[in-house]
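**Q** First, the structure itself, so that you have it in front of you.
Laboratory data are not the source of any read-out in this text; all were calculated from the coordinates shown. Predicted, not measured: the structure shown is a model, and the values here were computed from it. With ideal geometry, Cβ positions are generated from the backbone for all residues, glycine too; neighbour counts draw on all protein chains shown.
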Amino acid sequence: MGGGPTGRAALKRAALARLPDPPTNVHYLTADVTTDPLPDTLAGAGFDATARTLVVFEAVAQYLPADGVEPTFAWAGALPRGSRLVFTYLPGTVWRERPRASRRYGWLSAYEPAEVPALLARHGLTLREDVGAEAYPARYPQLHGRRLTLREIERVVLAEVAG
């Protein structure tokens with residue numbers, strides 16, 4: 001969708017601009033989450049690390065090696081209690097059963113759904129939901145009049161800082 005990260009960012013900005021009452025607290029930053037320390041990058045942009053936060057890590061995890069995803073989970077898990085992380089991921093079966101697609105699309109990591117709770121717990125996060133494409137439309141039917149979709153090969157997780 002939209003020709004790479006820059007195109008997707010432009011589409012997301014345009015979608016927010018079309019809202020009847022667009023949020024004023026959305027800030028756009030460019031960062032490489034595998035090398036740029038998120039606390040430093042965000043602090044430099046005025047992010048308040050003491051405020052409860054919603055982190056959306058959508059369509060990112062599968063394009064990073066697993067050790068490149070962990071710093072984001074660690075950062076999110078250190079946010080104040082009640083903060084939430086939403087992220088999408090590929091199940092390990094998809095990655096293993098579609099090696100040509102993995103190479104073609106540049107997928108570098110996948111997770112076994114049964115292992116996700118422990119992965120999150122290592123970073124101070126508690127799994128609240130892990131939903132596949134079959135259950136997603138019923139669980140999240142619309143947002144601002146837009147039907148949200150999830151590719152049949154993806155899962156979406158909602159995790160929370162409970163500590």
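**Q** Can you give the alpha-carbon Rg of the stretch 20-138 over 2.2 N^0.38 Å, where N counts its residues? Before the final figure, lay out each step's value.
**A** Values: Rg = 15.5 Å, N = 119, 2.2 N^0.38 = 13.5 Å.
Ratio of Cα Rg to 2.2 N^0.38 Å: 1.15.
**Q** I would also like to ask the following. With point charges of +1 on the Cβ of Lys and Arg and -1 on the Cβ of Asp and Glu, referenced to the Cα centre of the stretch 1-137, which listed residue (83, 50, 22) lies farthest in the positive direction of the dipole?
**A** Of 83, 50, 22, it is 22.
**Q** Restricting to DSSP loop positions (anything but H, G, I, E, B) with no more than 15 other Cβ atoms inside 10 Å of their own Cβ, which chymotrypsin sites (Phe, Trp or Tyr not before Pro) remain in the stretch 92-126? Walk me through the intermediate numbers first.
**A** Numbers: sites: 95, 105, 107, 111; in loops: 107.
For chymotrypsin sites (Phe, Trp or Tyr not before Pro) across the stretch 92-126 that sit outside H, G, I, E and B with at most 15 neighbouring Cβ atoms in 10 Å, the list is empty.
**Q** Let me know the longest stretch in the chain that avoids all GluC sites (Glu not before Pro) found in a DSSP loop with at most 16 other C-beta atoms within 10 Å. Before the final figure, lay out each step's value.
**A** Working: sites that count: 58, 134, 152.
No qualifying site falls inside 59-133, the longest such stretch.
**Q** Helix-derived [θ] at 222 nm for the chain: sum -39500 (n - 2.57) over DSSP H runs of at least 4, divide by residue count, nearest 500?
**A** On the way: 7 runs with 56 residues, N = 163.
Computed ellipticity for the chain at 222 nm equals -9000 deg cm²/dmol.
**Q** Next question, about the same structure. Rg and Dmax of the stretch 2-86, using alpha carbons, in Å: what are they?
**A** 13.7, 40
**Q** Shifting gears a bit: Considering only DSSP states other than H, G, I, E and B, which trypsin sites (Lys or Arg not before Pro) in the stretch 64-112 qualify as loop sites with at most 15 other Cβ atoms within 10 Å?
**A** Working: sites: 81, 84, 96, 100, 103, 104; in loops: 81.
Here the sparse-neighbourhood loop sites are 81.
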